Amino acid sequence: MSEPTTESSGTLAALRLIYEISRELATAFDLRTVLTRVLFLSLRNVQGSSGAIIVLDDSGQPLDSAIIHAGNVQDTNTQRLRATLDSGLAGWVARNRQSALVTDTATDERWIRRDYEGKQDSGPGSSVSAPLMVRDRLVGVITLTHPQKGFFNGEHQALIQAIADQAAIAVLNARLVEESQRKAAASSALAQSAASINATLDLEEVLQRILEQISEVFTAEAVSLLLIDPGTQDLVFRAATGSKRDKILGQRIRIGQGVVGWVAQEGEGVVLQDVTKDNRFYHEMDQSTGYKTRALAAAPIRAKGRIIGVLEALNPAAPFESDALQVLEGIGNLAGTAIDHAQLFNQVEAARTRYLELFEDSIDPILITDEDGKILEANRQAEVFTGFGTPSLHKMNIYQFHKVDWQALGQDFAALHADRPVMYESHLHPSQGDEIAIEVHVRRVSIDGAPRLQWQMRDISERRKLDKLREDLMSMIYHDLRSPLSNVISSLELIAAMLPPGEANLANLIEIALRSTERVQRLASSLLDTARLEAGQRIGNQQPISLRALMSEAAEAVELSARSKEMPFETAYPEPDITVRVDADMIRRVMINLLENAVKYSPEGTHLTIGAMAVDGMAQVWVADTGKGIPAEDQERIFEKYARARIGTGAAKGLGLGLAFCRLAVEGHGGQIWLKSELDKGSMFTFSLPLAKE
Ligand code: ADP
């Protein structure tokens, strides 16, 4: 068909053409084949020297194209066609959705001239163009050109429109097939990545697998994975492939710096086919490693909606495909979840290992049972303690070797609330030997998700022995010391009273014996009080008494020893007197204790004071010396039992029980005791006591 002429032959020719086109296109599904076939058929039937077809996506953006020039299929550059679409003939056709006839390209403003046109040949002289429409949907534009002006006419225009109408559906189908194939490829790449990445919980392996997947999908020369350091908030290269791997690992990039920093900041992926054209690219990194980045794709790694790092693929074997970003972002999301899981798993593992270590190395026997008491696990110490080996223990029930205190635990362990252990005392029956007194701590634990009971046992036989010893000692002090001492004292007092006048020497000796015996008696009473107060016994015998009387009696008890060390002794009695409500004997002993300490631990010639006054509804009594003082680090400790200051006590020896008694006695009265002391300046002990109500 050289020239469409008569009406009937034209219609016939058109019908034949439509038939031929539909047959030709029926077997082609691949977009490229469809495009070239449509072009060849058009050029053959409508005539023309060159033809181009642009495929558009649903938003009107060029998706693909084909050009035939002088009978040859040309390498097309879809981007170049954008200009034609913006301001050229194809654009006009696309916008108006109707065919166009340009009889003279020089005078028609819809035609744009190109530089390359007009050198050897003067470019096309005329052109026809038609939209490819499927119903209302624009699929593409086809344009034919001829070097001659006025070559095309209205018939050519009608023909090209007829071809376009036939071709449109084939192009649309091919485009959809291609799109779905690309999507399928992307999702199968993702599915494969997911399967591989999620196959392990080891963090390093997860990172490695992520890199492998990216390298494979993009055939990238190098791949890096950066994670945000929670401390500094920098991006740190945690894993990498490629020749500069060792140089890059551990390097840091600030968020916002370079392309990866931008990705982390914006939470958006980036594909750069040519990094030199983007000013976000951070050249310093390449300079420091000696790597040459040409193209890169980067996407954020997200876990639980937060950005935790960035993935990047560098220098792919072929330019990144249009769906590269989608795929990389998909891997980024997978990676985030996998990394998050691996990190959690690591933490759980670490906690589990720590628990196992604590369990195994505990100095107390620990047994784990189910809720029926069946033993599931036992630590080393449990074997030693019970005398049963692990295999036997695993066949036993916890009730078999100790009596469970159901009163403490409640029926079916009802008293065991989450995380609050229940404690009771019992006896353990080991495989051999006598039963052992134990303290049992039972708590609910969850092991691998299953509810378990943890039984921690403590050997308290030593403590029991000590308790017994203390009880024995107390009854010894009470019966065997205190009552005989009272007898000695009353006898001495009787002898002193019976002495005929003039027996000064004898009177003196009796006086010394009396004072010494009184000291022993005070010590015995304080020991007994300490034991009782520690056991939580309340002070029963509190009576109103003059503070002044107590202070002067206490002062009198130490007057002699102060004089023998030539220590000036001052008394600052409260004026007026204060009535306190106390166990007089106990508080007198507290005062004597503090005064005796001041004498005992201070050098000769230093000063000693006892004073009192009422402060804030309490009486305050102080005992001060100008002796060596007590080091700051000992000031709290010396109130503990058996504690003595590390320096400054010189040759003087004591048990370290006096101040412990003082504190218990004062606190038992609802008061407090404290100390102010400076080395080489002296110490001042102060305590408060309740006032007697009027
Ligand atoms: P003890 O006198 O039997 O050692 P205390 O409990 O009475 O026991 O005192 C504990 C320690 O506190 C003493 O060993 C001594 O080191 C220190 N200490 C107590 N009072 C004074 C003081 N006035 N000056 C210096 N050191 C003191």
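Structure summary
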item	result
Heavy-atom accessible area per residue - segment 101-238, 1.4 Å, Å²	47
Of Leu132, Val615, Ala496, farthest towards positive along the dipole that unit charges on Lys, Arg, Asp, Glu beta carbons give the chain	Leu132
Relative contact order (%) - criterion: Cα under 8 Å, at least six apart; region: segment 286-355	30
Helical contribution to [θ] at 222 nm, DSSP H n ≥ 4, -39,500 (n - 2.57), averaged over the chain, rounded to 500	-14000 deg cm²/dmol
Computed over the chain: relative contact order in percent, which uses C-alpha pairs under 8 Å that are six or more apart	6
Values of log10 I(q)/I(0), in the order q = 0.10, 0.11 Å⁻¹, for the chain under a Debye, Cα-only, solvent-free model	-1.06, -1.12
Kirkwood Rh in Å, taken over all unlike Cα pairs in segment 432-540	18.8
Solvent-accessible area, 1.4 Å probe, carbon plus sulfur percent, for the chain	51
Cα-based shape type of segment 518-566, given that a ≥ b ≥ c are square roots of the gyration tensor eigenvalues and the cut on a/c is 1.5	oblate
Stokes-Einstein translational diffusion, segment 121-188 - Kirkwood Rh over all Cα pairs, 1.306 mPa s, 10 °C, in µm²/s	115
Proportion of all alpha-carbon pairs of segment 136-279 beyond 22 Å (%)	62
Highest to lowest packing among 658-669, 528-539, 545-556, scored as the average C-beta count within 10 Å	658-669, 545-556, 528-539
Mean Kyte hydropathy of -1.0 or more with a Cα span along the axis of at least 30 Å, helices from DSSP in the chain	154-197, 324-361, 504-534
Straight-distance crosslink candidates among lysines, where the alpha carbon sits under 22 Å from Lys292 and sequence neighbours closer than 8 are dropped	Lys244, Lys247, Lys277
About the Cα centre, charge dipole magnitude for the chain (Lys/Arg +1, Asp/Glu -1 at Cβ), debye	760
Cα pair distances in segment 392-462, grouped into 10 Å bins until the bin that holds the longest one, percent each	19, 49, 28, 4
Order by protection proxy (mean Cβ within 10 Å, highest first), peptides 129-139, 357-367, 620-630	620-630, 129-139, 357-367
Antiparallel DSSP beta bridges within segment 514-611, percent to nearest 5	50
Reduced Cα scattering model of segment 243-371, Debye log10 I(q)/I(0), q = 0.14, 0.20 Å⁻¹	-0.70, -1.19
Principal axis dimensions, segment 180-220 - Cα atoms, whole angstrom, descending	35, 20, 7
Net length gained if the chain between Asp229 and Glu575 were fully extended (0.36 nm per residue, minus Cα distance)	117.6 nm
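The values are calculated or read from the model by the stated rules, or taken from the named source; none is laboratory data. None of the values given here were measured: they were computed from a predicted structure. We place every Cβ from the backbone using ideal geometry, glycine too, and count neighbours over all the protein chains shown. Side chains included, ligands, DNA and RNA excluded: accessible areas come from the protein's heavy atoms. Shrake-Rupley method; radii C 1.70, N 1.55, O 1.52, S 1.80 Å.
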